[in-house]
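What follows is calculated from the coordinates using simple rules that are stated; it is not laboratory data. Please read these numbers as outputs of a predicted model, since none were measured by experiment. When we count neighbours, we look across all protein chains shown, and the Cβ atoms used for this are built from the backbone with ideal geometry, even at glycine.
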């Protein structure tokens, strides 16, 4: 707060001793109130400020601070005007006792805007400007900034203003809550109110520019000007202003957030990441923790679990989270992390309420924008002056965000002169309900095509405490051809394995020449080793470095161990073809097989099933004895009867039975027992007898009869349309 004018202090020295003592006591009470307010004890602070006013009713600064604190404590929504009335009376007193103080005039104008008394607010702002022309540059900048805000509230209200279709009096929030189609159709039928707001927009820009001329480091004027440039797509001016802001305010985190936002919009993710990271370092510690709190992107239940596991290092928890969410490990930057930071930067520019210490991401609109990005359609509708079907819309501007015909849709309401808006009707409940189904939605603008491809991942016992990990993927080149735009390209391919702490465990990359042929797929096959006993993120990737078109398969692989001396079974590996080349087979090398990366088959295909048994318990004759049960379950469709056949030589050597409606079970008993070994490879081939298209489960149970231990492993596959 600006202290009382020096001239008044000098005049006070000529006052009689009693009045001088009165002013001194009032000042002491006021200073104590300010100290308590800075410590967060607003109730006690207001008590001391009230005491200062009581001691010296002519003390302008005491009236001013009383008005400020009551105005700041007033709710941002309507419904309780008591504090604003007290604030108005106090600020009127401050202006009456010190009519030449521009800050007093400014605060009164701000309060009048909140009370929708815009004519008086504008008059007060003009008075403040007249006085500020003779004051210091920072004060002049603040007055121009507030005049810019005054014009901005008008321009923002009119920018997305739509005219409702004939016969519709208002957009009903209660119906919008039930039907996203209703909102989409209303917006489709409504028209923009063109030609409005141009004068307010030009006045807004003029005042923001004048504020920055007077004080180049004025954060409010810079952030609002940047928000305007971003909203209107004037990115060259945005970048220039962001660079100017950084030079003028090198320790202001919002300057670097804005710079990162501009770089990200230009697709310069690596540079944007550097600007964002520096901005985060500049944030106050408590704000930084809130800024990095990725729990806002999770469901409420998952957010509570995540926050409980954060521990003492939230930055490390955020790093591990974003490592898992990195859409493409082949690129040096994390595109989703950059997108998240750009959204956080934007909502703070556009929706932040610094006068209430509310960052943009803590507002209703900011929270939705961070989770789901820019809506497909935005619209605002003027305030109703008379009650209609929706009582809550009376006197308020309605803002609608639609993310498509099928939703989601969010409706906000606010008073015309407010920069803030809150959820309308039951849309706070709607937002939480939708968050449970769709916690967040991210895109990577720098990746023009990001295909999600199927893959088969299988784990086998490795050497010592390691696991042999096999990954088979197939990139459909037809889907990438249009994005790449050439007949042949050199693709970067890679296999990445990331541990639970976010650290990279394995990276295998190479460059491959690819020719685009119709119906051809690019096979991606790897076999590597990973530590046993911990979960991993496995990512198989391919990227064209020129177009940045990419394909990826990302999976979380649960922890596995194959303990020495304990019976265990590997994952199932499904193949397109499976042939024994050394009979009887003793190792993996004794087979010729072609794994099926898509796990999808035609109805008449044969399916090869390969797996390995480890450490089965031998009997006194060193012979292992075990039974196998194979069950094929219907996951997405249902058809009764047996449609599984066991093929080839195994059908003659193994006895089997089929049973069940939704599951077909084949139970095998060995006719010739096998000498116990450390590893036993097993296989068979099945054919589905005219199965309907759908998703199926394959469950394998192994009973080690000597150890009386049952093992189980599962795999899903698809049957496509004929």
**OP:** Please give, to one decimal in nm, the separation of the simple spin-label points placed at residue 136 and residue 561, each 7 Å out from Cα toward the Cβ.
**Re:** 6.8 nm
Original post:
Going by average Cβ neighbours within 10 Å, how do the peptides 359-370, 680-691 rank, with the highest at the top?
Top reply: 359-370, 680-691
Subject >> Largest to smallest principal axis extent of the C-alpha atoms in segment 502-570, angstrom >> reply: 49, 28, 17
Subject >> Distance-filtered residues of segment 314-329 - backbone nitrogen under 19 Å, label point 7 angstrom along residue 441 Cα→Cβ >> reply: 327
Original post:
So what's the angle, to the nearest 10 degrees on a 0 to 90 scale, between helix 82-97 and the longest Cα principal axis of the chain?
Top reply: 40 degrees
Subject >> Relative contact order of segment 115-267, defined on C-alpha pairs under 8 angstrom at six or more residues apart (%) >> reply: 23 percent
Original post:
What percent do you get for the relative contact order of segment 47-192 when only Cα pairs under 8 Å and 6+ apart count?
Top reply: 14 percent
Original post:
Helix 253-265: angle to the longest alpha-carbon principal axis of the chain, degrees 0 to 90, nearest 10?
Top reply: 50 degrees
Subject >> Burial ranking of peptide ranges 593-606, 429-442 (average Cβ count within 10 Å, highest at the top) >> reply: 593-606, 429-442
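What translational diffusion coefficient, in µm²/s and rounded to a whole number, does the Stokes-Einstein relation yield for segment 148-200 at 25 °C and a viscosity of 0.890 mPa s, taking the hydrodynamic radius as the Kirkwood radius over Cα pairs? Walk me through the numbers on the way to the answer.
On the way: Rh = 12.5 Å.
Rounded to a whole number, D works out at 196 µm²/s.
So if each residue of separation counts as 0.36 nm, and I subtract the Cα-Cα distance between residue 44 and residue 277, what length gain in nm does that give?
Numbers: separation 233, 0.36 × 233 = 83.88 nm, distance 3.90 nm.
Result: 80.0 nm gained on full extension.
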**OP:** On a C-alpha basis, how far is the centre of segment 415-470 from the centre of segment 158-185 in Å? Whole number, if you could?
**Re:** 29 Å
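Mind checking the alpha-carbon convex hull of segment 328-437 and giving the volume per residue in Å³?
Values: hull volume 14.2 nm³, N = 110.
Considering the Cα atoms of segment 328-437, their hull volume per residue is 130 Å³.
Let me check I have the definition right: for segment 231-381, take the eigenvalues of the Cα gyration tensor, multiply each by 5, take square roots. What are those semi-axes in whole Å, largest first? Could the numbers behind the result be given before it?
Details: eigenvalues 111, 70, 58 Å².
Gyration-tensor ellipsoid for segment 231-381: 24, 19, 17 Å.
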Original post:
Considering the zone a paramagnetic label at residue 188 would reach in this model (a point 7 Å from Cα along the Cα-to-Cβ line), which residues of segment 152-172 have amide N under 20 Å from it?
Top reply: 162-172
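Full extension from residue 463 to residue 406: what is 0.36 nm times the residue separation minus their Cα-Cα distance, to one decimal in nm? Before the final figure, lay out each step's value.
Working: separation 57, 0.36 × 57 = 20.52 nm, distance 5.18 nm.
The residue 463-residue 406 span can extend by a further 15.3 nm.
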**OP:** Quick one: angle between helix 198-214 and the longest Cα principal axis of the chain, in degrees between 0 and 90, rounded to 10, please.
**Re:** 80 degrees
**OP:** Do me a favour and compute the ellipsoid semi-axes for segment 193-285 from its Cα gyration tensor, root of five times each eigenvalue, largest one first, whole Å.
**Re:** 25, 17, 10
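Can you order the peptides 101-110, 34-43 by their average number of other Cβ atoms within 10 Å per residue, highest first? Could you put the intermediate results ahead of the total?
Values: 101-110: 24.7, 34-43: 13.4.
Listed from highest to lowest mean packing, they are 101-110, 34-43.
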**OP:** Starting from the Cα of residue 619, step 7 Å toward the Cβ, then list every residue of segment 562-606 with an amide N under 20 Å from that point.
**Re:** 567-568
**OP:** Just need the relative contact order of segment 448-561 here, percent rounded to a whole number, with Cα pairs under 8 Å and 6+ apart.
**Re:** 35 percent
Original post:
What does the convex hull of the Cα atoms come to per residue for segment 448-561, in Å³?
Top reply: 95 Å³
Original post:
Each label point is 7 Å from the Cα along the Cα-to-Cβ direction; what then is the distance between the points at residue 490 and residue 581, in nm?
Top reply: 3.2 nm
Subject >> In Å, descending, principal axis extents of the Cα set of the chain >> reply: 117, 59, 47
